[in-house]
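Note sheet for the following structure.
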Amino acid sequence: MSQQDRRLEVSEAAWRVIVREGLDRASMRAIAQEMNCTTGVVTHYFRNKQELILFALHQVTERLQVSMQSAIENVEGIDRLATMLLSFLPLDQERQEILRVWVAFLGYAVGRDGLMEEHRQSAAELRAVIIQELQALQSKGLIQADLVPQVEANALLALVNGIGIDTLIQANYLGPNQQEAIIHRYIAGMVPGKC
């Protein structure tokens with residue numbers, strides 16, 4: 001097994017511990033126990049918990065980007081924007097786990113400048129993709145000409161983040177159908193003549 005594969009295996013074990021027990025209990029020892037190995041094996045691939053968390057955060061970002069790219073592959077027009085945003089919502093078990101890990105990382109990053117900067121960079125990458133999509137839709141006349149793509153991208157990210165966090169807090173109130181309806185309703189308000 002290559003070094004990178006082994007690092008991914010450690011990261012996956014960290015995810016399972018974080019989803020099950022929370023980030024504060026995801027110690028190097030707990031992760032080693034999850035893998036049925038010694039702590040020395042974990043520290044061979046990651047010097048400390050923060051390095052492991054940073055690697056796992058990159059895995060969150062990468063999984064979300066792959067999920068989004070896969071979802072929008074054959075989708076065009078305004079539906080492409082909706083599909084893009086829906087790919088980040090916790091509509092299935094895997095994305096619920098990704099959201100739990102992402103929220104745990106965000107909480108852990110508060111007060112840790114290096115980790116918070118990683119979150120900012122991830123958000124900036126996503127924002128850039130959404131801005132680009134909004135600009136393309138605007139150039140085709142599919143969304144209102146007077147919308148400011150940078151402002152709308154921030155609003156859409158806030159909407160998706162808010163829905164995601166609310167589903168963690170009140171899982172019974174915002175099921176997949178309601179989450180989708182909220183996104184579609186917001187996007188419908190961006191279409192010319194629909195506001």
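Laboratory data are not the source of any read-out in this text; all were calculated from the coordinates shown. Computed from a predicted model, the values in this text were never measured in an experiment. When we count neighbours, we look across all protein chains shown, and the Cβ atoms used for this are built from the backbone with ideal geometry, even at glycine.
Summary table below
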read-out	value
Cα convex hull of the chain - mean projected area over all directions, nm²	12.3
Cα gyration tensor category, rounded, prolate or oblate, for the stretch 1-92 with a/c compared to 1.5	prolate
Helix-derived mean residue ellipticity, 222 nm - over the chain, DSSP H n ≥ 4, -39500 (n - 2.57), to 500	-24500 deg cm²/dmol
Debye, to nearest 20: dipole size of the chain, +1 on Lys, Arg Cβ, -1 on Asp, Glu Cβ	340
DSSP loop trypsin sites (Lys or Arg not before Pro) with at most 16 other Cβ within 10 Å excluded, longest remaining stretch of the chain	48-111
Estimated FRET transfer efficiency (residue 170, residue 20; beta-carbon r; R0 30 Å; 0.05)	0.90
FRET efficiency, 1/(1 + (r/R0)^6) with R0 22 Å, evaluated for residue 103 and residue 155 via beta carbons	0.60
Overall form of the stretch 91-195 per C-alpha gyration tensor (a/c, 1.5; a/b vs b/c)	oblate
Cα gyration tensor shape of the stretch 117-167, rounded if a/c is under 1.5, else prolate or oblate by comparing a/b with b/c	oblate
Student exercise, the stretch 104-155 dipole from Lys, Arg, Asp, Glu Cβ charges, in Debye to nearest 20	60
Residue 127-residue 8 pseudo-label distance in nm [points 7 Å out on the Cα-to-Cβ vector]	3.1
